[in-house]
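**Q** Sharing a structure here in structure tokens format.
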Amino acid sequence: MPHPFSFMFYNTENFYDIEDDPLTMDDDYTPNGFREWTNERYIDKVKKLNKVIREIVTPDIPDVIGLAEIENKSVMTDILDSLRNNGIAGYSFIHYDSPDERGSDVAMIYDTRTFTIINSKAITVHLPGIEDRTRDILYVVGKLKNDETIHLFITHFPSRAEGREKSERRRYFVASELRHEVFRVLSSNPSENIVIMGDFNDTPDDNSIDEILGAKKSFEKIEPLKLYNLLYPRHKKGIGTTFHKGWQMFDQFIVSGNMLLSEKIICKPELADVFNPPLLLHYDSKGQAKPNRTYSGSYKGGYSDHLPVVMRIFLK
């Protein structure tokens, strides 16, 4: 009987603690800052993430959880403490401080009983330009219970805050660096399993993912050394993870052809989806569903400006 194993990715929307870090631009997220980020609001956000983790693959809990917009290890420790307080033990985390000027990092939570860490590191991306800094790519190698090895890349591409066209070259550059790292692994051993998860700030049709990273959108002919975008079928149906002039599929799972062809792992695009229950949605005055955000002009007390994505595989 195949054994289920699941991955989750979630951009948590500015998950900061309430302390002022003099080395980063986190002043807004302090009790006296612009966002009036109090301990009560912070604890509520921890509880909300805990709830999403517990409900996304009920009755189970995801084995691997990738997170974006995490400030530091203190936040990760509080998230794990909250899980333990709700009876979810056996989990640990990986986090590295990145050079991002806002102190916004990617991180990973994992079940130590189902995923054994072999190695991990932060891949620093040096954007062109002296002042340009961005998040590291988190690279983790781990072993599943059926002894298959997974190479995980967790990423958060540069945002569109300055406009899509102006920021596009930054995403191109990160996509190029990510592709280089992926194929460095595959050139060493072509049979390796690759999983990329993240907020790409681009859709599967945009050039950074489609052309530069080379994530294929068709599953009719699978090639072992190619990359495939598991959430493209959902994107094609108009489903998304964040809302800006319509739903946009920014958060995605991309896997190697080896994962799809594996004799020891069942991996299919239909096993990847967006988690969008009512509690994660807000309806505007026109009845349009949007993510139930923590902030939108002012404090709203919601979950995030993104929806989480989930990917299930089965181990033979």
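**Q** What is the one condition in (1) surrounded by 14 or more Cβ atoms within 10 Å (Cβ to Cβ); (2) not in a helix (DSSP H, G or I) that ARG41 does not satisfy?
**A** Against the list (1) surrounded by 14 or more Cβ atoms within 10 Å (Cβ to Cβ); (2) not in a helix (DSSP H, G or I), ARG41 comes up short only on (2).
**Q** Follow-up. Based on what the data block shows, is THR155 in contact with a strand residue (DSSP E or B) (Cβ under 6 Å, 6 or more places away or on another chain) and surrounded by fewer than 19 Cβ atoms within 10 Å (Cβ to Cβ)?
**A** Criteria not met by THR155.
**Q** In the stretch 35-54, is there at least one residue being over 30 Å from ALA272 (Cα atoms), without any contact (Cβ under 8 Å) to a residue 12 or more places away in the chain and aromatic (Phe, Trp, Tyr)?
**A** no
**Q** Only one of (1) in contact (Cβ under 8 Å) with a residue 40 or more places away in the chain; (2) more than 29 Å from THR30 (Cα to Cα); (3) touching a Gly at 6+ places or on another chain (Cβ under 9 Å); (4) part of a strand (DSSP E or B) is not met by ILE109, so which one is it?
**A** (2)
**Q** Give LYS216, LYS236 a once-over and let me know the one that is surrounded by fewer than 15 Cβ atoms within 10 Å (Cβ to Cβ), within 20 Å of VAL310 (Cα to Cα) and modelled with pLDDT of 95 or more.
**A** LYS236
**Q** Which residue pairs have Cβ atoms under 8 Å apart, sit 6 or more places apart or on different chains, and have a first residue in the stretch 68-84 that is within 19 Å of ARG54 (Cα to Cα) and in contact (Cβ under 8 Å) with a residue 12 or more places away in the chain and a second that is polar (S, T, N, Q) and in a helix (DSSP H, G or I)?
**A** ILE79/ASN50; SER82/ASN50; LEU83/ASN50
**Q** Working only within the stretch 62-81, note down all residues that are closer than 18 Å to MET8 by Cα and surrounded by fewer than 20 Cβ atoms within 10 Å (Cβ to Cβ).
**A** LEU80
**Q** Quick one: is PHE173 of a type outside the set (Lys, Arg) and assigned to a helix (DSSP H, G or I)?
**A** Criteria met by PHE173.
**Q** So is PRO99 in contact with a Ser or Thr (Cβ under 8 Å, 6 or more places away or on another chain), more than 14 Å from ASN14 (Cα to Cα), surrounded by 15 or more Cβ atoms within 10 Å (Cβ to Cβ) and modelled with pLDDT of 95 or more or not?
**A** Criteria not met by PRO99.
Here is a yes/no grid of residues against (1) surrounded by 17 or more Cβ atoms within 10 Å (Cβ to Cβ); (2) of a type outside the set (D, E, K, R); (3) at pLDDT 95 or above:
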| site | (1), (2), (3) |
| --- | --- |
| GLY90 | no, yes, yes |
| ILE94 | yes, yes, yes |
| HIS151 | yes, yes, yes |
| GLU165 | no, no, no |
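**Q** Same structure again: Name the residues in the stretch 297-316 that are more than 17 Å from PRO4 (Cβ to Cβ) and touching a residue at least 12 places away in the same chain (Cβ under 8 Å), would you?
**A** Within the stretch 297-316, TYR299, LYS300, GLY301, GLY302, TYR303, SER304, ASP305, HIS306, LEU307, PRO308 qualify.
The values are calculated or read from the model by the stated rules, or taken from the named source; none is laboratory data. On a predicted model such as this, the values are computed, not experimentally measured, just so you know. Every residue, glycine among them, receives a Cβ derived from its backbone with ideal geometry; neighbour counts consider all protein chains shown.
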